[in-house]
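Please treat every number below as a calculation from the coordinates, not as lab data. Just so you know, these numbers come straight off a predicted model, no measurement behind them. Note that we place each Cβ from the backbone using ideal geometry, even for glycine, and neighbour counts take in every protein chain shown.
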Amino acid sequence: MKKIAFISVLIILLSINSYPAGKWEIGFHYSSWSLNVMKSEIEKNFDPDLELYDPAKGKFNFDSNGNNLGLDIRFFPGGKNGAFSIGMSYERNNFKAKINGAYTDQDNLGNRLEAEAKGTMNVYPHSFNLSFRWDLWPSSRVHPYIGIGFGIGALNGIFKADTKATLYYSSGATQTETAYEEKTLRQVLDEMEDDGDEYPLGFFPIVHVQFGLRGEITNNLYLLGEVAVYDGIIFRGGVAYRF
């Protein structure tokens, strides 16, 4: 992660040296984040190791939301009306998911098992992102822009789950067991590795494709709004000052 951040800073410094007449811009942004665009794929592959619940017998349902807060520093090699810019940002990402599942299993003797699981997963991969942006018709006071970027975040997160299993005997008796588990994301990944399903990366990858609108509300002060793909769908608003 440190190596990629160093390379990103080096690229920005090289751009600055090549265009001494360029302009700087600093901005803040806030985003609402959803991964439900990936809902079916996550439900299909999510397979936690839980007490009292067998994922092979019951499907997990997944719902997500989150937010993102960032500080962005950009350089415009072409100056005030330059279309292209390169930026480096620090992002505080917060992804929250709710997971639930249930199934019923019955044996040949008439005994019936009802199992359910409810859990939350909080992942907070704070990251450094490098982005490239093109302002369309930049001399206009209000104009659209497009951009691409990428980043890396630490594998930080917590998974919590409550499971319950109730066995209904054919004789009429019942037996109920409950369990609570809490694991870090690192522990979950270690268990996956022990099961032969190793996570291939040592970091949380971020891909960013943005489509936005930018308006100058006063000299060198801008408001921005965008819809973007950011490992999911985000709706972002921000403010930026150019100097």
task = With a Förster radius of 41 Å, plug the Cβ-Cβ distance of TYR90 and THR174 into 1/(1 + (r/R0)^6) and report the FRET value to the nearest 0.05.
result = 0.15
request  = Grab the alpha carbons of the stretch 87-224, take their convex hull, and tell me the volume per residue in Å³.
outcome  = 172 Å³
key: Unsatisfied cross-links (Cα-Cα over 20 Å) in the set LYS118/LYS160; LYS118/LYS183; LYS96/LYS164   = LYS96/LYS164
remark   = PRE zone check, label point 7 Å out along Cα-to-Cβ of ASN65, amide N under 15 Å, scope the stretch 218-243, hits 233-235
query = Applying the Karplus parametrisation 6.51 cos²θ - 1.76 cosθ + 1.60 with θ = phi - 60° to the phi angles of the stretch 82-98, what ³J(HN,Hα) value in whole Hz is obtained for each residue in order, glycine and proline being reported as x?
reply = x, 7, 9, 9, 10, x, 10, 9, 10, 10, 9, 8, 9, 10, 10, 9, 10
query = Per-residue HN-Hα couplings for the stretch 137-150, Karplus 6.51 cos²θ - 1.76 cosθ + 1.60 at θ = phi - 60°, whole Hz, x for Gly and Pro?
reply = 6, x, 6, 6, 5, 10, 8, x, 8, 10, x, 9, x, 8
FRET E, pair ILE146, GLN106, Förster distance 51 Å, beta-carbon r, rounded to 0.05 = 0.35
LYS57 versus THR166: modelled label distance in nm, points set 7 Å from Cα along the beta carbon direction = 1.5 nm
ask   = Counting Lys and Arg as +1 and Asp and Glu as -1, what is the net charge of the other residues whose Cβ lies under 15 Å from the Cβ of ILE234?
value = -1
message = So, R0 is 35 Å and r is the distance between the beta-carbons of GLU114 and VAL207; what FRET efficiency does that work out to, to 0.05?
response = 0.30
